[in-house]
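**Q** This is the structure, below, for whatever I ask next.
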């Protein structure tokens with residue numbers, strides 16, 4: 001048995017990749033050169049990034065399969081150059097690249113042995129990548145950047161596992177840059193979770209999809225309520241690319 005044979009995250013990844021490809025299939029050349037939700041990036045940049053991210057994570061998976069460690073990216077500069085080099089291509093070229101790179105990555109995941117799940121591989125631009133986290137890391141990229149394409153897919157369409165996982169990462173990522181807040185988050189299943197940012201000084205509430213969009217800098221906080229001071233606006237948060 002391979003490492004991810006029964007991984008529920010992998011099933012979600014396959015499903016969300018299909019949704020992404022359906023959206024990309026409808027794009028024209030003009031569409032891909034229009035702005036995305038990410039500052040300074042067109043949709044072509046987002047799609048080029050998704051393809052190179054699949055190949056980069058594929059390097060991590062390949063390291064586990066072959067035993068020869070290859071960093072996710074050669075360097076941060078190489079990662080950025082690869083995205084820029086592919087951003088100006090036609091819609092059909094970008095679609096083909098996103099699809100074929102996703103297929104290569106999934107094929108590599110299927111060969112990862114269980115004994116290599118703890119392997120740590122250099123990212124080339126920061127912390128190491130643990131092989132066990134690959135399905136989640138790719139699922140997050142596919143969902144977040146599907147949202148960034150601004151094609152009608154939003155966090156309200158995302159599976160609950162992405163909402164919970166994404167919100168779980170927010171406190172650590174925003175401990176310095178974010179506002180102090182305690183947020184009562186209502187999930188699609190009706191459960192309520194407290195997400196605490198920093199000192200938790202502000203009291204907020206909202207549905208999981210709206211809170212995640214705000215905490216990742218992809219909305220101005222629409223749908224998130226300032227409970228302790230309704231008249232005060234929510235702070236603007238940095239976008240996560």
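The values are calculated or read from the model by the stated rules, or taken from the named source; none is laboratory data. As the structure is a prediction and not an experimental result, all values here were calculated from the model. Cβ: placed from backbone, ideal geometry, glycine included. Neighbour counts: every protein chain shown.
**Q** Helices (runs of 4 or more DSSP H) wholly in region 38-141 with at least 2 residues that are within 23 Å of residue 238 (Cβ to Cβ) - which ones?
**A** 43-66, 76-87
**Q** Examine region 184-194 for a residue that is surrounded by fewer than 14 Cβ atoms within 10 Å (Cβ to Cβ) and in a strand (DSSP E or B), and state whether such a residue exists.
**A** Within region 184-194, one or more residues are surrounded by fewer than 14 Cβ atoms within 10 Å (Cβ to Cβ) and in a strand (DSSP E or B).
**Q** Would you confirm, using the coordinates I've provided, whether residue 156 is assigned to a helix (DSSP H, G or I) and either surrounded by fewer than 16 Cβ atoms within 10 Å (Cβ to Cβ) or touching a strand residue (DSSP E or B) at 6+ places or on another chain (Cβ under 9 Å) (or both)?
**A** Criteria met by residue 156.
**Q** Name the residue, out of 174, 163, 212, 167, that is within 19 Å of the chain's Cα centre (by Cα), surrounded by 17 or more Cβ atoms within 10 Å (Cβ to Cβ) and touching a residue at least 60 places away in the same chain (Cβ under 8 Å).
**A** None of the others qualify; the one that does is 174.
**Q** Would you say residue 142 is at pLDDT 95 or above, touching a strand residue (DSSP E or B) at 6+ places or on another chain (Cβ under 6 Å), crowded, with 17+ Cβ neighbours inside 10 Å and not assigned by TED's automatic domain parsing to the domain that holds residue 190?
**A** No; evaluated as a whole, the condition is false for this residue.
**Q** Would you confirm whether any residue within region 175-182 is touching a helix residue (DSSP H, G or I) at 6+ places or on another chain (Cβ under 8 Å) and part of a loop (DSSP other than H, G, I, E, B)?
**A** Within region 175-182 (the criterion being touching a helix residue (DSSP H, G or I) at 6+ places or on another chain (Cβ under 8 Å) and part of a loop (DSSP other than H, G, I, E, B)), the answer is yes, since at least one residue qualifies.
**Q** Working carefully through the options 44, 82, 86, find the one that is touching a residue at least 24 places away in the same chain (Cβ under 8 Å) and under 22 Å from residue 217 (Cβ atoms).
**A** Just a single option satisfies the conditions, and that option is 44.
**Q** Which is at pLDDT 95 or above and on the phi > 0 side of the Ramachandran plot, of 156, 150, 208, 213?
**A** Unique residue meeting the criteria: 150.
**Q** Could you list, in sequence order, all residues of region 99-130 that are closer than 21 Å to residue 166 by Cβ, in contact with a helix residue (DSSP H, G or I) (Cβ under 7 Å, 6 or more places away or on another chain) and modelled with pLDDT of 95 or more?
**A** Residues satisfying the conditions are 102, 105, 109, 129.
**Q** What about residue 172, is it out of contact with any helix residue (DSSP H, G or I) (no Cβ under 9 Å at 6 or more places or on another chain), modelled with pLDDT under 95 and either not in a loop (DSSP other than H, G, I, E, B) or not assigned by TED's automatic domain parsing to the domain that holds residue 27 (or both)?
**A** It is true that residue 172 is out of contact with any helix residue (DSSP H, G or I) (no Cβ under 9 Å at 6 or more places or on another chain), modelled with pLDDT under 95 and either not in a loop (DSSP other than H, G, I, E, B) or not assigned by TED's automatic domain parsing to the domain that holds residue 27 (or both).
**Q** For the list (1) in contact (Cβ under 8 Å) with a residue 24 or more places away in the chain; (2) farther than 30 Å from residue 23 by Cβ; (3) assigned to a loop (DSSP other than H, G, I, E, B), I need the number of the one condition that residue 232 fails.
**A** Of everything listed in (1) in contact (Cβ under 8 Å) with a residue 24 or more places away in the chain; (2) farther than 30 Å from residue 23 by Cβ; (3) assigned to a loop (DSSP other than H, G, I, E, B), residue 232 misses just condition (1).
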